[in-house]
Amino acid sequence: MTANEVTPDPLRSTASIGTSLLRRDGVEKVTGDATYAVEHPVTGPAGEPPLHAWLVTSTVARGRVAAVDATAALAHPGVVSVLDHTSAPRLADTSDAELAILQADAIAFRGQIVAVVLAETSESAREGAALVHVEQEAEPHASIFEEDSPTYAPEQVNGGSETDTLDGEPDEALARALVTVDATYTTPHEHNNPMEPHAATALWDGEQLTLHDSTQGPRPVRGTLAPMLGLEEEQVRVLAPYVGGGFGSKGLPHAPEMAVALAAMTVPGQPVRLAVTRQQMFALTGYRPPTRSHVRLGAHPDGRLEALRDDAVTQSSRVKEFAEQAAVPARVMYAAPHRATTHRVAELDVPVPSWMRAPGEMPGMYAQEVAVDELALHAGLDPVELRVRNEPDVDPDTGNPWGNRRLVECLRRGAERFGWADRPTEARATVDGEWWVGTGVAASTYPMLWMPGNVARIRSLDGGRYAVAIAATDIGTGARTVLTQIAADALGCPPEAIDLDMADSDLPFGSVAGGSSGTTSWGTAIVAAAQQFRADHGEHPDPGVETTAASGQYADMDGHALHSFGAVFCEARVHRYTGEVRVPRLLGVYSVGRVVNPRTARSQLLGGLVMGLSAALHEEGWRDPRTGHVVTQDLATYHVAAHADVQQLEAGWLDDVDELSTPMGSRGIGEIGIVGTAAAVANATYHATGVRVRDLPLTADRFLE
Amino acid sequence: MKELTYHRADDAASAVALVAADPDARFLGGGTNLVDHLKLGVTSPTTLVDVSRLPLDEVSELPDGGLRIGTNVRNSDLAAHRAVRRGWPVVARALLAGASGQIRNQATTGGNLLQRTRCVYFQDVTTPCNKREPGTGCSAIGGYGRYNAVLGASEACVTTHPSDLAVALAAVDATVVVLGPDGERRVPMSDFHRLPGDRPEQDTTLAHGELVTAVELPASAAARRSTYRKARDRASYAFALVSVAAGLELDDDGRVSDVRIAWGGVAHKPWRAEVAEAELRGRFVSEEAVRAAAEAELAAAVTDEQTAYKVPMVRNLTALTLTGLAEGATR
Ligand SMILES: Cc1cc2nc3c(=O)[nH]c(=O)nc-3n(C[C@H](O)[C@H](O)[C@H](O)COP(=O)(O)OP(=O)(O)OC[C@H]3O[C@@H](n4cnc5c(N)ncnc54)[C@H](O)[C@@H]3O)c2cc1C
Ligand code: SF4
């Protein structure tokens, strides 16, 4: 059924929007009643208990599988079967090489799925996997991202942006400029590590595949897997009522989802469970590829930029291209008549990189905002003032007027709240006992993204209640709560009167919970459907009547440049004897449109700040050049910020309404908190010590004297 | 599934008899390290003998002013113990610098000393490792090296010992009390852990089946004026990049009459910096003097690109720690 497309009007009343409504699923989650992907009590039609799947992965970085000997595994009690590339069901479409697993003998990276063991218990599946003997023929491989790795220009970069841009004559302008920065900044492998690993329970009944999945997008999973499996979309149902975090890694389906689907199709009527191990996540579920950004800035003595170049190189996989759009934010941040941005990728024998919170913006703004700090130093200007002087009147990229660019207010408000004015101009000016003390600032930005195609259904129930349905997901962000608020205001009823049904691909289309586009896109569809519902059925509808509407494009993306902005302020302490870095204070002030729920919004922004701090100080996957795998493959060796690393943390926002972006007046907030944060920390460590570290993370050894 | 027999030991002697008789048996303490290794496949014993419930969980004062710590005293209880905090602050601080509150609640004294290396290759059974599988080679050479040793390493193994407690015990000249099939013996901390040599599979001088029953701390002025400092990659819940356990006694002129320096994160065992101690004895404590003494000790250091930082880091941290002790600051 295709629903009529409706473009909503702005919401007239915001009675629930703006209140800190408690999380709708909070009690289930804290009491353990929420069932995650492998906890669903799924049984087959005759009560068959689930089988357990375990992945067997390659231990060479490139080569082929010569033979899979499953004899010992099959002899182990409880092991039911072992699938490999000779025995797994054939896919109808293998063009997506990341997902087309067990179809051929080629090994393209270390950690690739080469067999799947099915067994009666997870213990026997695991032991069976250890007993599978995979004979591999190794070939020479290149898995380390190096300065001289061969690169190429992708056709476009992640998000669909242009690979290169050029305005004016940046090289000539740079050569002429009186104040310049010419430096290279790098970010390492970073790995999304949601608390709940990638996991699923699948049941194939011969006609229908049901997948309880841990995903950011039930519909996208269905839309991707169904054609590959040779099924109609309606034959696949994906449910994800509770998801223990994703950070982008569950935004696109990855190989484990295909593995569990294929395995289930070999045992009709019997559910199959798969939970990826923490170690396997470092190869199979995406990661942020290392980036190297060569930034050149040329300015007048008063700090105004004349030219800007950002040449970003990043790592991709031979299996499938992923081009982190690290130079894209440089296109919108500052005014400069001469500008160029480029992207190149090095294709290596490594796992497929993918989305990790704020792909592009996170590493790109790290590079750029440290470069701007260096420019302020060279120009003898306060870093806040330098940014203010380079505020563009219109979007430098498109020439469009800004929808709602309030970066300067974020900087000023943040500076005041942080006490920025008291800061010594000179670096290495403050000592407190064993510590050098410094402060730093960085700007952040994230585009307003709206996904087309969302559809919502509203049905009236008895007693003035409404059922609202859309295949959206709540990956822990609070989407279930804010969509309830949006529906309540759109229908003019209290949030308690809303029964929200979501996270099921059988419901009307919902786009991915990614790109900070969820609330924007689903919310716009819910408002459209609610307004149409009132038009169809009036203020006092009979129980049972319903309206389904597809969301038209509300956001004025063609007429205006729609972006969020923010400013992050940081105090860093660097130990004079060991170089250890601690961050006693971190403050972010954002302009993100209207805040739908202050409680869940604050938690998103704080979470982004913590993740940015974590990237600044700790996160680094170390890939072994000999084997091609990340050896820091657990949370004891891949460090993320611990509680003690996070001290005084504050997130605030401007009082804002953005009627150009959504009928709610809001924009997305899931990612902007991580953007710029690492640069603010790096700039503060420079101010503390006078030592400029351009390569993340900012570990102690970099500051050691 | 691997079959595993679990015994809960009734007394220390029968636990020792069970393990000594079976090369595939292991003692189980708090399990915070061993159970991880069972899951990772690092070790595959057929029998576990749980010693964590044996009544060896007392801290008692010895007639000579020392302290006897039963092996089953949990790390958190030991760190909080008043006598320890008063007489051996380095021990309490080292414990609190390690792991997390939950792990310390579970971890035992003996288990802590016998925890195994955190080398990433040791923990990954798909990579060669001489410590895990003798003769297969050392993946850490030419691999990930941030936590590797700079002193006393061998061609067979370049890893470090992860325990913070062990470093503190080395500084205060603790004695480990061990029960074996032939009875009890007492092992000075300096002889307890070993350098890798050509037998990296052997972390300690214990024979299979020997049970740690207690640790004894002798009283001293240097132990009373002692502290522990640890540099790490995050503010908590991280193993040491380097650490310093130190104790100091000054004579009436303010010269060093006794000094103890042990380093963590630099070697396969807690590294007692005897050269540096000798340099400092009889001298005034100053940053320069301590740096010079530490450098004398570190003359033997062998580093590479990934470990080069450890030399200045441990030197600086030693200077800070001893000057702090000399000034009477305890932290
Ligand atoms: C994430 C993480 C972070 C950590 N961080 C730190 C840190 O920063 N600093 C630090 O020092 N430690 C750290 N630890 C390690 C922790 O201190 C040890 O795991 C713990 O002390 C081990 O004690 P246990 O009683 O649980 O030992 P178990 O796991 O029970 O045993 C460990 C070993 O000792 C043997 N054993 C146990 N008891 C005896 C005995 N009485 N006699 C002879 N052999 C015995 C066992 O057979 C086994 O081989 C960390 C651990 C984890 C998981
Ligand atoms: S350093 Fe030691 S523990 Fe690490 S791989 Fe080499 S032999 Fe194994």
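Bear in mind these aren't lab numbers, they're just calculated from the coordinates by the rules spelled out. All values derive from a computational prediction rather than experimental measurement. Every residue, glycine among them, receives a Cβ derived from its backbone with ideal geometry; neighbour counts consider all protein chains shown.
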Solvent-free Debye scattering, log10 I(q)/I(0), computed from the Cα coordinates of the stretch A:391-467 at q = 0.12, 0.19, 0.26 Å⁻¹: -0.68, -0.97, -1.26
Looking at A:583, A:515, B:286, which one has the Cα that reaches farthest to the positive end of the dipole of the protein assembly as shown (charges on Cβ: Lys, Arg +1; Asp, Glu -1)? B:286
Please get the size of the charge dipole for chain A, origin at its Cα centre, with Cβ charges of +1 on Lys and Arg and -1 on Asp and Glu, quoted in debye to the nearest 20. 1140
For the protein assembly as shown, what is the mean residue ellipticity at 222 nm derived from helices alone (per DSSP H run of n ≥ 4: -39500 (n - 2.57); sum divided by total residues; nearest 500 deg cm²/dmol)? -7000 deg cm²/dmol
Taking only the alpha-carbon atoms of the stretch B:5-50, what semi-axes of the equivalent ellipsoid follow from 5 times the gyration tensor eigenvalues under a square root, in whole Å, largest first? 19, 12, 7
Report, ordered by chain and residue number, the lysines lying within cross-link reach of residue A:250, taken as a straight Cα distance under 21 Å and ignoring same-chain residues fewer than 8 apart. A:29, A:320
If you take the C-alpha gyration tensor of the stretch B:97-210, multiply each eigenvalue by 5 and take the square root, what semi-axes do you get, largest first, in whole Å? 25, 18, 14
Volume per residue, Å³, of the convex hull around the alpha-carbon atoms of the stretch B:129-287? 139
Counting every C-alpha pair in the stretch B:224-326, the percent lying more than 18 Å apart is 42
Could you work out the mean projected area of the convex hull around the alpha carbons of chain A, in square nanometres to one decimal? 30.5
Relative contact order, percent, chain A [alpha-carbon distance under 8 Å, six or more residues apart]: 18
Taking the convex hull of the alpha-carbon atoms of chain B and averaging its shadow over every direction gives an area in square nanometres of 16.4
Under a GNM of chain B (C-alpha, springs under 10 Å), which listed residue has the highest mean-square fluctuation: B:218, B:162, B:200? B:218
With N set to the residue count of the stretch A:490-585, report its C-alpha Rg divided by 2.2 N^0.38 Å to two decimal places. 1.78
By how many nm would the segment from residue B:251 to residue B:118 lengthen if fully extended, with 0.36 nm per residue of separation less the alpha-carbon distance? 43.8 nm
Check each of the GluC sites (Glu not before Pro) in the stretch A:393-433 and keep only those in coil by DSSP with at most 16 other C-beta atoms within 10 angstrom; list them in order. A:426
Proximal lysines to residue B:39, defined as alpha-carbon separation beneath 21 angstrom and excluding residues fewer than eight positions away on the same chain: B:2, B:131
Quote to one decimal, in nm, the extra length available between residue A:643 and residue A:104 on full extension: 0.36 nm per residue of separation minus the C-alpha distance between them. 189.5 nm
On a straight-distance basis, which lysines could pair with residue B:310 in a cross-link, Cα separation under 19 angstrom, same-chain partners fewer than 8 positions away excluded? B:230, B:269
The Cα radius of gyration of the stretch A:170-298, divided by 2.2 N^0.38 Å with N its residue count, comes to 1.52
Size of the dipole of the stretch B:224-326 about the Cα centre, Lys and Arg at +1 and Asp and Glu at -1 on the beta carbon, nothing else charged, in debye to 20? 460
What is the Cα coordinate range of the stretch A:1-71 on the first, second and third principal axes, sorted by size from largest, in whole angstrom? 67, 34, 32
